[in-house]
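Please read the structure below before turning to the comments.
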Amino acid sequence: LDENLKVGEDVDLCWRLMSMGYRLAYIPKGRVQHKHRNRFFTAFLRRFDYGTSEAVLSKKHPHVLKRFPWHWEGILLLLLMVPGLTMWSIVSLIPGLSFLLVEPFYKQMRLKRSFDIVLPLCDIFAATVKRHLIFVYYISHHITRYYLFLVIIFSILIPRVAPLLMGLVIVPAIVVFFQKKPRLRFPVFAFFYWTEQLFYQSGVFWGCFKQCSFRPYRVSLEQTSSRNQNRHPVRKKFMALFLKRREASS
């Protein structure tokens, strides 16, 4: 560990190992002693400290980029849906909903034309909706983690966009709530979750200010890789049918 670092030393060690060609493995049976701060301000001040490490790590490892997965269908759907969600107009939502309904038919036709494979439309629709929900989660998580203060300010100054912005920051809170399954009611958990994000992003900004570099706010857009897509059940089903048909034809 780099003893000059007060926070982020574990991340620094991992990144140095990976740059040397080593692979990291998570072992859940490993035991680590760690001092947990269980008081309100001491716990969240520690989150502030963790946030300051982003600028230091970014400066020390300029080759590490913050990647954001995206796909053009998600961007298009977002552009079609935002006006309707902002103006609370059902008519304005029709283009977005129409695109969401038409996209599975287009994908089914493309698979049929290109590979002569027909997958159930319900499976393609479910996979399409799930893909868009994951895309929305990535956006909402990034906004909540780094721009929650701005969300609050814009919600106060422009009440019309407040429901849309607040809906975005609620999404990651709901996801984490069901992942962690805390013994708290959701409003209480959401309060602690958002407070943690506010302290963390304050630390990120302060760390960037001290380092005179705001590189942690830079995001490298990365289209969804085929490696990740191959893990999806619908794509697995398609590949199985495609390989089976190719073997039969040969």
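Odds and ends about this structure:
- Residue 151 being open to solvent by 30 Å² or more (accessible area, probe 1.4 Å), assigned to a helix (DSSP H, G or I) and among the β-branched types (Val, Ile, Thr): no
- Of all residues in the stretch 14-30, those satisfying the criterion of being loosely packed, with under 10 Cβ neighbours inside 10 Å and of a type in the set (A, V, I, L, M) are 20, 24, 25, 27.
- Index of the failed condition, residue 64 passing every other in (1) out of contact with any Cys (no Cβ under 8 Å at 6 or more places or on another chain); (2) at pLDDT 90 or above; (3) of a type in the set (A, V, I, L, M, F, W, C): (2)
- Where helices (runs of 4 or more DSSP H) sit wholly within the stretch 31-145, those with at least 2 residues that are open to solvent by 50 Å² or more (accessible area, probe 1.4 Å) and more than 30 Å from residue 195 (Cβ to Cβ) occupy 72-87, 90-115.
The values are calculated or read from the model by the stated rules, or taken from the named source; none is laboratory data. All figures in this text were calculated on a predicted structure; none of them were measured in a lab. FYI the Cβ positions are ideal-geometry reconstructions off the backbone, even for glycines, and counts take in every protein chain you see. Heads up: the accessible areas ignore ligands, DNA and RNA and are worked out on the full protein's heavy atoms, side chains in. Shrake-Rupley method; radii C 1.70, N 1.55, O 1.52, S 1.80 Å.
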